[in-house]
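Notes for the one structure printed next.
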Amino acid sequence: MRKSTCLLGALAVLASAPAALAERGSDGHVNIIYWQAPSTMNPYLSGGTKDLEAASLVLEPLARYNEAGDMVPWLAESIPTVGNGGVSEDLTTITWKLKEGLLWADGTPVTSEDIIFSWKYCTDPAGGCAQSEKYNDVTSVEALDDRTVKVTFGVAKPFPYGPFVGAQSPILQAAQFADCLGAKAPECTDANFGPIGTGPFRVTDFRPNDVISLEANPNYRDASKPAFATATLKGGGDATAAGRSVLETGEFDYAWNLQLAPDVIANMAAAGKGETVSAFGTLVERIEVNLTDPDPALGAERSTAKHPHPFLTEKVVRQALSMAIDRELLVEIGYGSAGRPTCNVLPAPEIYKSTANDACLVQDIEGAKKLLDEAGWTVGSDGVREKDGKRLSILYQTSTNAVRQDFQALIKQWWSEIGVETELRNIDASVFFGGDPASPDTFQKLYADLEMFANNFDGTDPESYMANWECKQAPRPETQWQGNNMPRYCSEAYDALVAEMAKTGALEERAKLAKAMNDMLMQEYVLIPLVDRGRVSAKSNTLGGVVLNVWDSELWNVADWYRVK
Amino acid sequence: MTEAVHSTLVDKTEPRSQWLDVWDQFRHHRGAMLGMAFFVFILLAVFAGPYLWTIDPQYIDIRARSQGPSWGHPMGTDQLGRDTLARMLAGGQVSLAVGISAMLLALVVGALIGVLSGYFRLLDGPLMRLTDLFLALPLLPLLLVIIMLFRDTLRSAFGPETGIFFLIVFVIGITSWMQTARIVRGDVLALKEREFVIASKSIGTSPFRMILRHILPNVLSPITVSATLGIANAIITESALSFLGLGFPSDFPTWGRLLYDSTDYLQQYPERVIWPGLAISLTVLSVNYIGDGFRDALDPRIRGR
């Protein structure tokens, strides 16, 4: 028995070794399916994860995070630190050095000009950049030589790895995007759909919200990679179809983010064509409360700070909504082992995790009723609470997804028990997360009272993530509706904490600040966290080299993927 | 057999109206009678049923989720413990209401445009180009745009469910009248040259009376047939919209929505797909049979044979 196991092991090594050492393009074609279809390849113009991840096949940052959450140099030679002299003693500058001989897919060299350009592109005052918080406090980026850039911050930056690190702030080619600065950014369709990058693949055909065809980048820095000559990233459909296409029929090799009921996944995996891969990160399914008035009668000013919400600005109401929710049950229904109930919007890494809000783990319908009673909200004849002519009637939106619709139905029932009337709306995920400023249905516009989605941050440092709820991050017409502060939360105390974290160096101090910010958001109930979600994706049994990474793009190491023969 | 019935009827009863004849013929179409019986049953079930089966279709009983058929839940429960029978009944109300009203709207518009363009030469060109225009429009993208533009206005005017109901009925009706219009126009063009119409014209019948008295009764059969197909089409389009998340709110059951929600569970609980699927197909089939029977009954050449 043991002999045969050894033999099998040896065979496996023999079988996988040639694959791993293969020539570029020797493994043919890889099919990837994202059930949310990417609508752009330019991560600076979209907050959607699907767009970021699709772009990560082509565009790369200077450094990114590996599966353990550690930073690894990517286009840079090494990670600059105070120790190696890359970060100045006063924590205001960081100096990056590009690897030698890097080429763009079109054969031109990557230079420090491109890095400078990427910063200018995202920080152009006339344009809405979805990732502008990555460049907070950067005052200048200058070239020391062709391969070296120095980033200077206006304040001491204890964590200077915001700009150019992670899938959210990759390097764009200056030559290609030169005419696409500011307000013209969304108009450069060719560049946005087919950016020239340094990554393992380059785009051959991009159909927005549908299919991306790619081929191996002939100028990729490692001559033996990627193993696949061509790749297809198919977008659209739903999570069920995506899961089935990998686990059950084997048509696709990799399916992203299978947000499906646990028993459904188990059933598909029984077919034996593939397996699920999972890991826990910072992804939290949450309800974000709109503190501004989404009344359509307000026209272009709806959901902006000019008009506060008629009743959701009252903390008691938000608190009651949170108390009425049974998070344990939501996990059981929707995620099984791929989720756990949470009361924090910042659930990981461990040092940042607050325990101050754990009371929310227990559902308390009676308590919620009492709170509303005390605040003067009385139950009207139709069972809906009223005060001063205002009814607790809310519109609750999310993306189209079976688990989310089940959550909506359950939560609606709990809320009806405490006297809140809920109308549900679900929007196609490609539109909802698409970030198109012309669409009324994006999650940034939030033309509803509440919305539910999941979000996380890449990397392990929560500074820029927590900065999402600064006043100035509120999506509004002036920012082309970009920004991540969906509740339009605006508190001087919170902004002060953000500013303080930006100049604090010691890790324990930073952890304390991050916890304080998390607690502030939680105790104000502007965010109602529901479930801490593990990432579940599926890969075919014939696809090797997949390392699921919750701290960066899932496709971060696609150059190392190969066909198991 | 038919002969015998016919002669006895003629002998013993007072003068017969045309509609009695039609009914008499209709009665002998077995498929149509079956279809009619089933359609009436479905109508009764979905509109009167909820008074007998009083479980709230939106009530979630989480402990009773994913149950099979039992006395408490004859069709079982869904993944959240909502009663499937109650949801089928509530869903049927919406689907049938949408189907029938959208069909009526399409019928009125289609017949009107068909008759006008067939009868009046001057209107023929413009109206048929309009029809071509509508035929060339891609239906689904058009629906998406209309819904996106008018959803909020209607929602605030009529509330979420009624607003969407009007919108969907209007949108489906306004995009499915073209076939009817074309068929009717063709028939009217042919009828216009028939002797009885020319004779009627020669004694000075006004166009309005002509259409009402001579043209419309003769094009009734194509209209009825396209009406029956229209109901089916409307139910299916409503399902497609629900599928895209643009129809009614997600917890508001319609047959199309029930079908869509259950596709995830197709393997474990096939009955959840079968019930709404069966309801949709049987309704559509029964309506088609009724249409078939009507056509036969309305055609004087077939009647009495």
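The values are calculated or read from the model by the stated rules, or taken from the named source; none is laboratory data. Keep in mind the model is a prediction, meaning the values are calculated, not measured. Glycine also receives a Cβ, built like all others from the backbone with ideal geometry; neighbour counts cover every protein chain displayed.
Residue by residue, here is whether (1) closer than 17 Å to residue B:250 by Cβ; (2) within 14 Å of chain A (Cβ to nearest Cβ) holds:
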residue: B:49; (1), (2): no, no
residue: B:62; (1), (2): no, yes
residue: B:72; (1), (2): no, no
residue: B:92; (1), (2): no, no
residue: B:98; (1), (2): yes, no
Out of B:189, B:144, B:133, sole residue that is of a type outside the set (D, E, K, R), at pLDDT below 80 and over 19 Å from residue A:395 (Cβ atoms): B:144
Those helices (runs of 4 or more DSSP H) lying entirely in the range B:147-211 with at least 2 residues within 14 Å of chain A (Cβ to nearest Cβ) and within 30 Å of residue A:297 (Cβ to Cβ): B:160-174
Within the range A:432-459, considering residues that are more than 30 Å from residue A:384 (Cβ to Cβ) and within 14 Å of another protein chain (Cβ to nearest Cβ), the one surrounded by the fewest Cβ atoms within 10 Å (Cβ to Cβ): A:438
Residue in the range B:214-232 that is in contact with a Lys or Arg (Cβ under 8 Å, 6 or more places away or on another chain) and within 11 Å of chain A (Cβ to nearest Cβ) present: no
Close pairs (6 angstrom Cβ cut-off, 6 or more residues apart or separate chains): more than 10 Å from chain B (Cβ to nearest Cβ) in the range A:260-275, surrounded by 22 or more Cβ atoms within 10 Å (Cβ to Cβ) and of a type in the set (Gly, Ala, Ser) anywhere: A:274/A:538; A:274/A:540
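Select, from A:336, A:299, the only residue that is at positive phi and touching a residue at least 40 places away in the same chain (Cβ under 8 Å).
A:336
Going by what's in this entry, would residue A:282 be described as in contact with a strand residue (DSSP E or B) (Cβ under 9 Å, 6 or more places away or on another chain), part of a strand (DSSP E or B) and surrounded by fewer than 21 Cβ atoms within 10 Å (Cβ to Cβ)?
Judged against the criteria, residue A:282 is not a match.
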Residue, surrounded by the fewest Cβ atoms within 10 Å (Cβ to Cβ), within the range B:51-80, restricted to residues that are closer than 20 Å to residue A:412 by Cα and in contact with a Pro (Cβ under 9 Å, 6 or more places away or on another chain): B:58
Yes/no for residue A:282 being touching a Pro at 6+ places or on another chain (Cβ under 7 Å), farther than 25 Å from residue A:390 by Cβ and of a type in the set (S, T, N, Q): yes
Verdict on residue A:340 being away from chain B (no Cβ under 14 Å) and surrounded by fewer than 20 Cβ atoms within 10 Å (Cβ to Cβ): yes
Selection from the range A:209-221 of residues that are in contact with a helix residue (DSSP H, G or I) (Cβ under 7 Å, 6 or more places away or on another chain) and surrounded by fewer than 19 Cβ atoms within 10 Å (Cβ to Cβ): A:209
Count of the range B:88-135 residues which are of a type outside the set (A, V, I, L, M) and out of contact with any helix residue (DSSP H, G or I) (no Cβ under 9 Å at 6 or more places or on another chain): 2
